[in-house]
Amino acid sequence: TVSSNKQVSYFINGLPAGTWNASAWGLTIGPMITLGDNTSRRFNGMLDDVQIWKVALSQTQIAAQMTQPLSGKEPNLLAYWKFDEGSGTNTFDATTNHCDGTLVNNPAWVVSTVTLPPPFTYATNNDTISITGYNGPGWDVTIPDTINDLPVTSIGNYAFFNCTSLTF
């Protein structure tokens, strides 16, 4: 996050990982963004689910959102790279802003170890699933055929009352 006085705070796995003062830097999003490498700071690790927001998020907001998949249509979300491509040198922005990226220096693709809970509340009835609610980001929702390898056979009356469209 970047505060109004250009104090940059960054988080790893939802926990504060450091801060630095960027008052001498021009922090604007331009046509090219470098993640993980610049002349003064180098990142040696793995990136997954990188997001750039128009507003500073609190640690609480970051921790809450890291356990739910984003749709890419969230208000104030400028760019969102899931890094789910699995091979090649491109990564695609999941927002409508299309800030797609080119990866350099022979990136090594690894399978994510992050397990996101299904964004549904549900009940198990005789080896079937009944969806009773939705706790994801809203907007467009795809209803799965199965949850935890059990077939989804019914949906509660008000399970998706905040969503704008559903796909079966």
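Can you run phi through the Karplus equation (6.51, -1.76, 1.60; θ = phi - 60°) for the stretch 83-93 and list ³J(HN,Hα) in whole Hz, with x for Gly and Pro?
6, 9, 5, x, 6, x, 10, 10, 10, 10, 6
Residues with beta-carbon under 10 Å from that of L70, excluding L70: net charge, scoring Lys, Arg +1 and Asp, Glu -1?
0
Quick one: length gained pulling T128 to N97 fully straight, 0.36 nm per residue minus the C-alpha distance?
Length gained between T128 and N97: 7.2 nm.
Could you calculate the FRET efficiency of S154 with V50 from 1/(1 + (r/R0)^6), where r is the beta carbon distance between them and R0 is 41 Å, rounded to 0.05?
0.65
First measure r as the distance between the Cβ atoms of A24 and N90, then evaluate 1/(1 + (r/R0)^6) with R0 = 45 Å and state the FRET efficiency to the nearest 0.05.
With a Förster radius of 45 Å, E is 0.85.
Here, each number is a calculation from the coordinates, and none is a lab measurement. Values in this document were obtained by computation on a predicted structure and should not be read as measured data. Neighbour counts run over all protein chains shown; Cβ positions are idealised from the backbone, glycine included.
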